[in-house]
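Some notes on the structure that comes next.
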Amino acid sequence: MTTDRFPTSGASAEDIIAEVTSFREGDLDWRSGRSFSLVYNPDDPALEHLVEQVGASFLHENGLNPFKYPSLQRIESDIVSAATSLVHTGPTAGSCTSGGTESLFLAIYTARETARSERGIDNPTVVAAETVHPAVAKACHYLGLELVRTPIGEDLRADPEQLAAAMDERTALVVASAPCYPYGVIDPVPAIAALAAERGVLCHVDACLGGWLLPFMERLGHSVPPWDFRVDGVTSISADVHKYGYAFKGISTVLYRDPSMIRRQWFLYSDWPGGLYGSPTTAGTRPAAAMAGAWAAIRFLGEEGYLAKASQVMEAMAGFTSGINAIDGLEVHGDPDMSVFEFGSDRFDIGAVGDVMDDAGWNLDRQPGGLHAMLFPYHCHVVHEFCADLADAVANHGESRGKAATYGGVAP
Ligand SMILES: *Cc1c(COP(=O)(O)O)cnc(C)c1O
């Protein structure tokens, strides 16, 4: 290993692999079923292997020019077509993006441009409940829109009356979550979309989390509040394939009800000595591996595969939530609609319980109001172990070590 900032001579492949493997010793082990965010363990080694194989075979291609790589045009259009069928529109109105954040950026950018050209608004706002994902705040910050956040109701969902009060002639877009990350509840989309439609405002549903799971839950007979394009007034949806679509990282979809809306998302530039430059999403050079991997996941699982994974997730959800609620003093907050939830206690220090769980090898996420978990297919194998350790932690916790509530992070 070199200590220079730039290696003088090359190392052997063997040494490089050994070295990089050693870097990973401190990484979160997402295969163990003991982590509850960031990586979605599909409990399916054959799927994992296939998406890696297909993804690796597209590592070098560039999706910037679809005419040079018709394979990528085909792959993107198949993914968008599959995604739009899940949310009941399409098949053409959408793009693959690098993740939920980019999908939200593009939906917000499209809304800004629509408000500017159709309504003459040059200082637009976006209105959303306080539970909306920080990627919405980030997009507004980057794109020069003002985000107006409103208090949630007692059921932890967006409150349509509060949203209505926050909307005015500057409002370009209202965002609802299906579900929101902190509590896993779906906002009342029909009421919110109706408020938007009455005012000629666009309505985006952030289904980054739910987009690839809720449709299958519904087909399994779970009660799922309406949230997709079957709701009048919903104009765009974001749905991440790298979450419950079980693709590896770097793939989401942004979907529009009206195919003409996507034209506002495209960037076309003709005044350049290099010729006409056209770009459908944020990236210039577009990596293709994640799209190819996602395409393979969809082909491999099919509807039946996603239904089977959804029932595993819901089995885990029933086991975890009933186990938690059965422990005296603990409760799941609100009435989560999917597989994401917060739990806490008004009797004892939930942070201290989280610390004991950490010591036992679990990695529950901290929120200001309690502990947070998202469940993946693999979690159905650890329900009993988790509930037993949690009961122990509740019985034997000390003082909280004061671990902060964090989601992402910035390494200086
Ligand atoms: C994950 C997530 C996002 C952001 O997606 P990234 O893929 O992390 O960029 C947005 N909204 C919700 C509800 C999410 O869960």
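The values are calculated or read from the model by the stated rules, or taken from the named source; none is laboratory data. Nothing here was measured: the structure is a model prediction, and the numbers come from that model. Cβ coordinates were reconstructed from backbone atoms using ideal geometry, including for glycine residues, and neighbour counts include every protein chain displayed. For the accessible areas, the whole protein counts, side chains as well, though only heavy atoms, and no ligand, DNA or RNA atoms are used. Shrake-Rupley method; radii C 1.70, N 1.55, O 1.52, S 1.80 Å.
Before moving on, here are some points about what is shown:
- Note on Asp328 and Glu130: the extension gain reaches 68.3 nm, defined as 0.36 nm multiplied by sequence separation minus the Cα-Cα distance.
- Rough spin-label spacing in nm, given labels placed 7 Å along Cα→Cβ, for Ser311 and Asp271: 6.0
- Pairwise alpha-carbon distances in the chain exceed 37 Å for 27% of all pairs.
- Applying 1/(1 + (r/R0)^6) with R0 = 45 Å to the Cβ-Cβ distance of Ser81 and Phe348 gives a FRET efficiency near 0.35.
- Rounded to 5, the percent of DSSP beta bridges in the chain classed as antiparallel: 55
- A simple spin-label model places the labels of Glu48 and Glu161 5.0 nm from each other, with each point 7 Å out along Cα-to-Cβ.
- Taking every C-alpha pair closer than 8 Å and separated by at least 6 residues, the mean separation divided by the residue count of segment 319-399 gives a relative contact order of 33 percent.
- Simple rule: put +1 on each Lys or Arg Cβ and -1 on each Asp or Glu Cβ in the chain, find the dipole, and look at Ala128, Asn62, Leu255; the Cα lying farthest toward the positive end is Asn62.
- FRET E, pair Ala395, Phe67, Förster distance 56 Å, beta-carbon r, rounded to 0.05: 0.30
- Using a simple spin-label model with pseudo-atoms 7 Å out from Cα toward Cβ, Ser260 and Ser57 lie 4.1 nm apart.
- Restraint check, Lys138/Lys249; Lys249/Lys309; Lys309/Lys403; Lys68/Lys249, Cα-Cα greater than 22 Å: Lys309/Lys403; Lys68/Lys249
- As a fraction of the 1.4 Å probe accessible area of the chain, surface on carbon and sulfur atoms comes out at 53 percent.
- At a probe radius of 1.4 angstrom, the accessible area of segment 302-396 per residue rounds to 37 square angstrom.
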